[in-house]
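Contents: one structure, followed by commentary.
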Amino acid sequence: GFLQLAELLEHDVATLPRLVQECTRHVQERSPSDKAVLTADGDPSVVLLLRNAFERGGDAGQIALLDCMDGSSDADVRAACSVLRSFLLELPQPVVPVEFYLPLLEAASGRASVPSDGLQIEDLLAPMPQEHWALLEHVLCFLVNASRPFPEAGFQQLLARVWAPCILR
């Protein structure tokens, strides 16, 4: 299984886990033509192959695997999104740690116990560990950039339904 976010980063000089960096890079470079690739599950055998490559680590084998996948379909992009969602879901502590969930929910519903004048989500999340901040910012920017070609009504809600559980639990 996957390690705690802080543990993952102890072994890496980057501020983001390699899996997150490479999966998001790959999806953005491929610029999928179909919005379903951002929300649909990947082919289980391709997902398993890619996940195993990341779990084994090593000398960038997973990058080569992503880059050599058949570019004629979006199977590699769906697989990269699936592996990324699995990684985020399996973190022992969610991207937005559990103790921040209720204050966010209250702020979103207008029932915040703190004054709402000038209260920003950033203010609520300010005490969050830096590695969680970096991951949250990266994933949100990835989703905004990857979904930009698909402005259709309702797609952002679908994207939120699929990806929100990976960020908030």
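Residue-level analysis places Arg18 among those that are modelled with pLDDT of 85 or more and over 13 Å from Ser86 (Cβ atoms).
Conditions: (1) at pLDDT 85 or above; (2) closer than 22 Å to Thr15 by Cβ. Ile121 meets all but one. Number of the miss? Just one mismatch for Ile121, condition (1).
The values are calculated or read from the model by the stated rules, or taken from the named source; none is laboratory data. Computed from a prediction, not measured in an experiment: that's the story for all the values here. Glycine also receives a Cβ, built like all others from the backbone with ideal geometry; neighbour counts cover every protein chain displayed.
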